Ligand code: NOJ
């Protein structure tokens, strides 16, 4: 029974979590044995679009360093930078031509070292993106490989004869086009590329590839990197016999026949490599995050490893596929990952996914919904990864015509597939020209909403999405129940309001999220959780004043949030 509802909105600007430096051995940060990454908030930076220090229209590493104080105040503990290595930029960095340098458009190794040391001063760790499945076709390994059938690096990639004249070795398709095989006239063989033809797949069956790639991780660990996000791990191995994938009914949005990619995706050998990569990571106290697209929870479980010896942080993308404000669907998904035995990793957006503002917004209450979604993924048990700009309520700015498109898949699939430019636009720092990102014309245009949704404007407004994120992240760092507490779903048959407790020792925090556009009344029976009667102290509430409590009932305005501490 609720006796009283006390609103005590806590505004805490920042809190630093003491964490060991990269290179240190695994070290617990609490009595439960959790490691730093389990208490950390990660922030994904798309470096082309974050901050442009030299005003050439493309972001850079110095720009990131200049904004570390912003990230610190926001409550970020680690940043994952998408690939910043030398690259022809066909896939904007996901086509790496040298794994041990920095692309000049982003700066120098010196700039990188400075970013690491400035980050360290502020308790912010650096995570790099490791493109493990493929290199650029301009990488020296591939240039050598394609030079002759007997070249030293020939077997570092996947080469095969065609089935016949103009016939690729099998029916495998590239995610970004038609056949996954490209004919190379110099040596009259095909090479395999799951992504663009400019991204030939490495042959992970070759021990020399494994050694070279593991050495890359060692090189960056020594430079102070705290871990890696592993790109495209699903596609590391291909069936040795190159068996055709079975055809499925229908066609995809490129008009190609659908296939079941059972012979070139998620092969068991992937896990052998992950276990070995993890060993190297453990030697350096580092964390491995996985780009793990899974269709069910069992597949996700496999990425943690049978003995917790693969990825510490496989991302749960199934959460991003709940594309409506549906408490039953979220409940189901959260319960599955929370019960999977590993540490959950929540994301709601990234550089390949339409921004959450567009996916969940109803066009009228978008800011309230952005706060609602923040309150969801930042109060669950697990580690959140926040995509830059989500904290402002940045929206997608999709190209208006094919000519404007930069992302090759947008050119290829226009108009059904517009590509990923929309979710990669410049960070909105101010309401000035180019949203304060650059003095030059940015590589992608900023949307008109940058006038209202930007750091400078939102910092001044206590009700902005940014102010909400800052309060929420501060709370998350302060409250043991939010860091370590069990996730206990409540009112599981409520179709409109998602409610749960986070409970740690004798501390309990109640999270109530009205996912509907109408006022909702909820009551809780907390006797099973040990509360005969209960006092609620609101820690954070959106739309303050619109939540009213009577003795045993809460009234919630449309899309409102309540996070409250329970006491007896
Ligand atoms: C996944 C990355 O997130 C995406 O941006 C990229 O195009 C592909 N992997 C290929 O590297």
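Any read-out appearing in this document is the output of simple, stated calculations on the displayed coordinates, not a laboratory observation. These numbers were taken from a predicted model, which means no experiment stands behind them. A quick note on method: Cβ atoms are made from the backbone with ideal geometry, for glycine too, and the neighbour counts reach across all protein chains shown.
Please give, to one decimal in nm, the separation of the simple spin-label points placed at residue 506 and residue 297, each 7 Å out from Cα toward the Cβ.
3.3 nm
In Å and from the alpha-carbon atoms only, list the Rg and Dmax of segment 140-192.
11.1, 30
Give me the angle, in degrees from 0 to 90, between the Cα long axis of helix 109-121 and the longest principal axis of the Cα atoms of the chain, rounded to the nearest 10.
20 degrees
If you split all Cα-Cα distances of the chain into 10 Å bins from zero, what percentages do you get per bin, shortest first?
The percentages, shortest bin first, are 3, 17, 27, 27, 17, 7, 2, 0, 0.
Just for the Cα atoms in segment 173-328, what are the lengths along the principal axes, largest first, rounded to whole Å?
54, 45, 25 Å, listed from the longest principal axis down.
Would you kindly calculate the translational diffusion coefficient of segment 95-218, applying Stokes-Einstein with the Kirkwood radius from alpha carbon pairs, for 37 °C and a viscosity of 0.692 mPa s, and quote it in µm² s⁻¹ without decimals?
On the way: Rh = 16.2 Å.
My calculation gives 203 µm²/s for D.
Any chance you could give the angle, 0 to 90 degrees and rounded to 10, that helix 207-222 forms with the longest Cα principal axis of the chain?
For 207-222 against the chain, the angle is about 40 degrees.
How much length would be gained if the chain were fully extended between residue 269 and residue 486, taking 0.36 nm per residue of separation minus their Cα-Cα distance, in nm to one decimal? Spell out each step's value before the answer.
Numbers: separation 217, 0.36 × 217 = 78.12 nm, distance 3.39 nm.
Between residue 269 and residue 486, full extension yields an extra 74.7 nm.
Using Cα pairs closer than 8 Å and at least 6 residues apart in sequence, work out the relative contact order for the chain, in percent. Kindly include the intermediate steps, with their values, before the conclusion.
Working: 1269 pairs, mean separation 90.5, N = 568.
Result for the chain is 16 percent.
Report Rg(Cα)/(2.2 N^0.38 Å) for segment 192-247, keeping two decimals.
Numbers: Rg = 14.3 Å, N = 56, 2.2 N^0.38 = 10.2 Å.
So segment 192-247 has a normalised radius of gyration of 1.41.
Among 568, 411, which comes first, then next, by fewest other beta-carbon atoms within 10 Å? Provide the component values of the computation, followed by the final result.
Values: 568 11, 411 15.
Ascending Cβ contact count within 10 Å gives the list 568, 411.
Taking Cα atoms, how many degrees apart are the long axis of helix 366-377 and the longest axis of the chain, rounded to 10 and kept between 0 and 90?
Between helix and principal axis, roughly 80 degrees.
Divide the volume of the convex hull of the Cα atoms of segment 48-143 by its number of residues and quote the answer in cubic angstrom per residue.
Here the figure is 95 Å³ per residue.
Using only the Cα atoms of segment 450-520, what semi-axes does the equivalent ellipsoid have when each is the square root of 5 times a gyration tensor eigenvalue? Give whole Å, largest first. All intermediate terms of the calculation are to be shown ahead of the outcome.
Numbers: eigenvalues 152, 77, 10 Å².
So the three semi-axes of segment 450-520 are 28, 20, 7 Å.
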